[in-house]
1. So how many residues does region 36-48 have that are touching a helix residue (DSSP H, G or I) at 6+ places or on another chain (Cβ under 7 Å) and crowded, with 18+ Cβ neighbours inside 10 Å?
2. Could you pull out the residue among 17, 64 that is touching a residue at least 24 places away in the same chain (Cβ under 8 Å), surrounded by 24 or more Cβ atoms within 10 Å (Cβ to Cβ) and part of a helix (DSSP H, G or I)?
3. Return yes when residue 33 is touching a helix residue (DSSP H, G or I) at 6+ places or on another chain (Cβ under 9 Å), over 15 Å from residue 299 (Cα atoms) and surrounded by 18 or more Cβ atoms within 10 Å (Cβ to Cβ) and no when it is not.
4. Give the residues of region 354-375 that are outside any helix (DSSP H, G or I) and within 15 Å of the chain's Cα centre (by Cα), sorted by residue number.
5. For region 282-297, state whether one or more residues are part of a helix (DSSP H, G or I) and in the same structural domain as residue 160 (by TED's automatic domain parsing).
6. On the basis of being on the phi < 0 side of the Ramachandran plot and surrounded by 21 or more Cβ atoms within 10 Å (Cβ to Cβ), does residue 264 make the cut?
7. Take the residues of region 298-323 that are assigned to a helix (DSSP H, G or I) and in contact with a strand residue (DSSP E or B) (Cβ under 8 Å, 6 or more places away or on another chain): which is farthest from residue 32 (Cα to Cα)?
8. Just a yes or no: is a residue in region 396-409 at pLDDT 95 or above, assigned to a helix (DSSP H, G or I) and touching a strand residue (DSSP E or B) at 6+ places or on another chain (Cβ under 8 Å)?
């Protein structure tokens, strides 16, 4: 096994494997390493929308993902404080198709695809403990760590990339600056369930009522990802979930969403495996590149999981970072960390910041203004407006497109009211 590479990628799940694939296509020698082994699972809601599915198709892994038997769906149902939006995601059949492949399958498919690329060396079971540096210029030059055997090891490269998640050790060791941070007000729990019934075609479900959220995504093995969120400062619910997570989740559906069919359908479902929780997290955005290092995926930016954009951001970030590096030959990178870092940061913020802002809003436990609920009711009553709203999830529309739709509906309502009053 060689000891020197163009790029070392720490973390071999979605962001890391996608980046290895992209860099291999550009002709780089890559070491892709992970402290774990594959296949293996990880905590995630793991839903992706049509724009992300398109990237996977271009990478050549979509057929393998579909071979898991995970259903494609195109419909969404949202109940936001009693205002109901129900419809299909906009775009063609291909653009509107969504997938929620279990991570134990998804990550393994991407890892094997990256591993098969010429120029990619993979190493499982290697835990990075430190970064190597050029002492004169403080440039990162490699990684040091330990194999599963406990033996120490090190590798050098012109660039080390942290693709190791929202608590990235590479980001911390490199000293990446946190540009924005908004702590969540919520605890989140997710589980897999079989026998969860839905009316009509398969679809995703979102619910918000007062200070609680619930989700349901159709996933692999005929199951659904179901999730619940409640305030971190609610000691009663925290205690109930800690004592018996499954009973806590079922009770939360019963008590928090009795105005919907959700509790009855969860009653008829069987939980598969443990209920897992995330007790607090930060919505954050970090500096993406420095001398000899970069971060991608959740290591660059993490936001509220109700937005459902983490997988997209990982794949887009991998493409963007690979394109950034390709602007210069590896031997020229040392002279261009500043310009490359600025370009990468700008491209990522331009693409991701609007959804990051949405996540920062949704992550705070504040009462929903009546006018916001009224706007949701207006949108839900109009097919075009509903599609525009759902289009913000698959990037067919931008969040700023929703305001004009509401304006159109208010103008139409005012016009109709004026006509009625004059007759």
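1. 5
2. 17
3. yes
4. Of everything in region 354-375, just one residue is outside any helix (DSSP H, G or I) and within 15 Å of the chain's Cα centre (by Cα), namely 363.
5. Within region 282-297 (the criterion being part of a helix (DSSP H, G or I) and in the same structural domain as residue 160 (by TED's automatic domain parsing)), the answer is yes, since at least one residue qualifies.
6. Criteria not met by residue 264.
7. Here the answer is 306.
8. Scanning region 396-409 turns up no residue that is at pLDDT 95 or above, assigned to a helix (DSSP H, G or I) and touching a strand residue (DSSP E or B) at 6+ places or on another chain (Cβ under 8 Å).
The values are calculated or read from the model by the stated rules, or taken from the named source; none is laboratory data. This structure is a prediction, so every number in the text was calculated from the model and none was measured. Positions of Cβ are generated from backbone atoms using ideal geometry, with glycine treated the same way; all protein chains shown enter the neighbour counts.
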